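Enquirer: The structure's right below; bear with me while I get my questions together.
The values are calculated or read from the model by the stated rules, or taken from the named source; none is laboratory data. None of the values given here were measured: they were computed from a predicted structure. FYI the Cβ positions are ideal-geometry reconstructions off the backbone, even for glycines, and counts take in every protein chain you see.
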Amino acid sequence: MSQPIELQKDETFVLNVGPQHPATHGVLRVKMTMDGEYIYKAETVLGYIHRMHEKMAENRTYPQYMPNMGRLDYLSAMAFNHGYALVVERACGIEVPERAEYIRVITVELNRISSHLVWLGAYVLDLGGFTPLMYCFDDREQILDLLESVTGSRLTYCYFRFGGLYNDIDDEFITGTRAFIIRMRKELKMYAKLVTGNIILMKRLQGHGIIDKDMCQRYGATGPVARGSGLNYDVRKNEPYSVYPELDFDIPVNDGCDSYARYLVRMEEMEQSLRIIEQALDKLPEGPVNPEKKPKLIKPPSGDYYAAVETARGNFGIRLVSDGGKNAYRLKLRSPTYSNMHLFDEACRGMLLADALAFMGSLDLVIPEMDR
Amino acid sequence: MSLTLLNVVLAVFIAICFVGANAAYLVWCERKGAGFYQRRPGPMENGWWGLLQPPIDGVKLMTKQLLIPGGVDKAIFMVAPVLAMFPALISFVTIPFSDNIVAHPIDVGVLVIFAFAALGGMSLLVAGWGSRNKYSMISSVRAVSQTVAYEIPLLITTITIVMISGSLNLGDIVQQQLDGFLSWNVWPLHKEVGFNLLMPVSFLILFVCSVAETNRAPFDLGEAESELVAGFHTEYSSMGFGLFFMGEYANIVIGSCLITILFLGGWSCPFGDLGIFPFTHNVGWFLLKIYLIIFVFIWIRWTFPRTTIYGLLNLSWKYLIPISLFNLLLTAGLLKVF
């Protein structure tokens, strides 16, 4: 256990973690002021992968902007697709056929599992265990193959269309997904044995990286980070969209507030996603995946629109201000890890470097999404 | 006199060859082992099953530019990798591979090995200090406190064995374990001390300490790549890095040799000397035992996540040292009784 110590402000040095550092998984830079191996303060420096996505929205037509969604959070691109499709559909009043809604849920949840798998592998890698990464990527590969067969791409999906989808799913996808559910349930049991119960892992995570409910609310943390602090908030339940209200699933919440609680929440979320996929496959109706009547040119009436979805990392909100033209007047993206990351400075003070990096991993940061 | 000198030179030369070959092919074994644990084949491209990978890697390391960053303490920076490699080489001189294959049987062989092992810890400190890099500095401070913490239980456990054997000569220690595997020091039953239940525990302590001494996972805090990039060898390229790498594997071999000699009967056949070739006391058994132990090292590395520095120091100071001290006292008492 790291004991809280009196940190000396005048005996510090600055350790520059990133933008190229194995633990930051991308181009995040953290300027850490250290007293020995203890962190006195940590200053996050963003901007190394800023691509002006919000400004791009003002210069592109609505359909042209859809591919940008896959470039924000490259690990759960499908949910970002969903968010953007949702806000434009709300603005233009486009009806989505029911089959398309179910397929959307299936693909988003598959994507959520693959995202959590990358997190699990990379997180255990942060803690020094290399092997689970390979197992996770092996499982993720199955999802990528499935999604590739319907969307045509493996990572930066652009699958959703306003009012529907690019492509209908086929029987092969359905049987493949059912086989994957069976496989994944077995694998999750294996992860529980290999990783969750490991004594070194438990010692490193339990009691470290404490974020309480209040801090989550102050910083606007969402997703597994907030749910690991006992905050029962999930956009899928609290502000229901798509066909989630018709599906039976639980939101895993853990009161532990530490890194281990966040770990357990994500592991449980994978199981719940499997449940959702299974039900959605059973309920999948026949019919078209695109509406019969769809405006030729997407031109939302002038106004202010908002939609939020639950990505693998939390609440992704998207606010669209339209002046009636074929480009957005202003598009504001509210991405989950941007808020989650800003806890880091306050929560990591007085922590040892090794624990702080384990804590950073438990926030599940995806830099291109934070730094749009 | 000159013959002895020639002997030593020859021995060091053979030791270098042995260490070099071992280091190169242990890397291959490590990668194959990692592949085996991770549902992938490991190196396959160069040679049959990737067997040509180590020499090719060696050529790559040697032909790369040795980059000396501005601002480093050049003399210290250059000395550190040599300091990492050379103690490991010297230690091989005293290790008996069988009753007649030993470079130079020194009566205080155990002492020689520990003296040079301590020097190995210094190379990490020197590398970190000379690099003038914050990550390297943190890493070398960690590595040194780790070496200090783990050398103590290692030494105490070894002293226990030395007390039983009454000799600091590694060959003599093995000579007393030649009557089949029940006479090995790892078992609680022993003709000198009667019944000492703590012996298997001592074996485990020695094993854990060897893993920690060689800076291997789960105790690889010196080069914890997710925290300290590459630790003390962050600034090293080319053969500078290569020597650290080889030194690490040479230390693994020495660690497993020591475990084998002290606890697992060295070159003795586990069934006693049966007189028929594979079942006599010979070097084959010694190699089999050390490679089995190395296999366990690899297995552990690819299974467990890394501990933290305080967890590591706690383990040593709170558990390993008291237990090994207690075993030392118990053994001393039993030696008096029997």
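Enquirer: Could you go through region B:6-24 and let me know if any residue there is closer than 30 Å to A:CYS136 by Cβ and touching a Gly at 6+ places or on another chain (Cβ under 9 Å).
Expert: Among the residues of region B:6-24, not one is closer than 30 Å to A:CYS136 by Cβ and touching a Gly at 6+ places or on another chain (Cβ under 9 Å), which makes the answer no.
Enquirer: Next question, about the same structure. Would you call B:LEU61 in a loop (DSSP other than H, G, I, E, B), touching a Ser or Thr at 6+ places or on another chain (Cβ under 7 Å) and at pLDDT 80 or above?
Expert: Spelling it out, it is not the case that B:LEU61 is in a loop (DSSP other than H, G, I, E, B), touching a Ser or Thr at 6+ places or on another chain (Cβ under 7 Å) and at pLDDT 80 or above.
Enquirer: Would region A:168-175 turn up any residue that is free of Cβ contacts under 8 Å to residues at least 40 places away in the same chain, within 13 Å of chain B (Cβ to nearest Cβ) and not in a strand (DSSP E or B)?
Expert: The answer is no; no qualifying residue exists.
Enquirer: Based on this model, can you work out whether A:GLU187 counts as assigned to a helix (DSSP H, G or I), surrounded by fewer than 22 Cβ atoms within 10 Å (Cβ to Cβ) and within 14 Å of chain B (Cβ to nearest Cβ)?
Expert: Here the answer is yes, as A:GLU187 does meet what is asked.
Enquirer: Next up: So in region A:324-359, with the set limited to residues that are under 28 Å from B:GLU223 (Cα atoms) and among the small types (Gly, Ala, Ser), which one is nearest to the other protein chains (Cβ to nearest Cβ)?
Expert: Applying the filter and picking the extreme gives A:ALA354.
Enquirer: Counting only residues that are of a type outside the set (A, V, I, L, M, F, W, C) and without any contact (Cβ under 8 Å) to a residue 24 or more places away in the chain, which one in region B:247-280 is surrounded by the most Cβ atoms within 10 Å (Cβ to Cβ)?
Expert: Among those residues, the one meeting the criterion is B:THR280.
Enquirer: Looking only at region A:205-214, filter to residues that are in contact with a helix residue (DSSP H, G or I) (Cβ under 6 Å, 6 or more places away or on another chain) and at negative phi; which one of those is surrounded by the fewest Cβ atoms within 10 Å (Cβ to Cβ)?
Expert: The extreme case among them is A:GLN206.
Enquirer: Let me ask something additional. Tell me, yes or no, whether region A:146-158 has at least one residue that is part of a helix (DSSP H, G or I) and touching a Lys or Arg at 6+ places or on another chain (Cβ under 6 Å).
Expert: Within region A:146-158, one or more residues are part of a helix (DSSP H, G or I) and touching a Lys or Arg at 6+ places or on another chain (Cβ under 6 Å).
Residues are listed down the side, and each one gets a yes or a no for (1) aliphatic (A, V, I, L, M); (2) at pLDDT below 85:
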{"position": "B:ASN215", "(1), (2)": "no, yes"}
{"position": "B:LEU221", "(1), (2)": "yes, yes"}
{"position": "B:GLU225", "(1), (2)": "no, yes"}
{"position": "B:GLY247", "(1), (2)": "no, yes"}
{"position": "B:ILE261", "(1), (2)": "yes, no"}
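Enquirer: Go through region B:283-331 and give me each residue that's of a type in the set (S, T, N, Q) and surrounded by fewer than 20 Cβ atoms within 10 Å (Cβ to Cβ).
Expert: B:THR303, B:ASN314
Enquirer: Further question on the same structure: So which residues in region B:125-136 are within 14 Å of another protein chain (Cβ to nearest Cβ), crowded, with 19+ Cβ neighbours inside 10 Å and assigned to a helix (DSSP H, G or I)?
Expert: Those that are within 14 Å of another protein chain (Cβ to nearest Cβ), crowded, with 19+ Cβ neighbours inside 10 Å and assigned to a helix (DSSP H, G or I): B:GLY128, B:TYR135, B:SER136.
Enquirer: Just a yes or no: is a residue in region B:135-157 out of contact with any Ser or Thr (no Cβ under 8 Å at 6 or more places or on another chain), touching a residue at least 40 places away in the same chain (Cβ under 8 Å) and more than 27 Å from B:TYR319 (Cβ to Cβ)?
Expert: For region B:135-157, residues out of contact with any Ser or Thr (no Cβ under 8 Å at 6 or more places or on another chain), touching a residue at least 40 places away in the same chain (Cβ under 8 Å) and more than 27 Å from B:TYR319 (Cβ to Cβ): absent.
Enquirer: In addition: List the residue pairs whose Cβ atoms are under 8 Å apart, where the first residue sits in region A:235-246 and is free of Cβ contacts under 8 Å to residues at least 60 places away in the same chain, the second is outside any loop (DSSP other than H, G, I, E, B) and surrounded by 18 or more Cβ atoms within 10 Å (Cβ to Cβ), and the two are 6 or more positions apart or on different chains.
Expert: As it stands, the answer is A:LYS237/A:TYR244, since those pairs meet every condition given.
Enquirer: When region B:90-124 is examined, which residues are found to be of a type in the set (A, V, I, L, M) and either buried (at least 24 other Cβ atoms within 10 Å of the Cβ) or not in a loop (DSSP other than H, G, I, E, B) (or both)?
Expert: B:ILE90, B:ILE95, B:VAL110, B:LEU111, B:VAL112, B:ILE113, B:ALA115, B:ALA117, B:ALA118, B:LEU119, B:MET122, B:LEU124
Enquirer: Name the residue, out of B:ALA75, B:ALA84, that is of a type in the set (Gly, Ala, Ser), touching a residue at least 60 places away in the same chain (Cβ under 8 Å) and under 15 Å from B:GLY240 (Cβ atoms).
Expert: None of the other options fit; the residue is B:ALA84.
Enquirer: Sticking with this one: Can you tell which of B:ILE300, B:ILE309 is within 12 Å of chain A (Cβ to nearest Cβ) and closer than 27 Å to B:ASN22 by Cβ?
Expert: B:ILE300
Enquirer: Looking only at residues in region B:213-253 that are within 14 Å of chain A (Cβ to nearest Cβ) and under 23 Å from B:ILE90 (Cβ atoms), which one is farthest from the chain's Cα centre (by Cα)?
Expert: B:GLY222
Enquirer: I want to confirm something. Restricting to region B:6-39 and keeping residues that are aromatic (Phe, Trp, Tyr) and without any contact (Cβ under 8 Å) to a residue 24 or more places away in the chain, which single residue is nearest to B:ARG301 (Cα to Cα)?
Expert: B:PHE36
Enquirer: Follow-up question, since we're still on this one. I'm trying to understand the selection: among the residues of region A:330-341, which are surrounded by 16 or more Cβ atoms within 10 Å (Cβ to Cβ) and not in a helix (DSSP H, G or I)?
Expert: If the condition is that a residue be surrounded by 16 or more Cβ atoms within 10 Å (Cβ to Cβ) and not in a helix (DSSP H, G or I), then A:LEU331, A:LEU333, A:ARG334, A:SER335 are the ones that fit.
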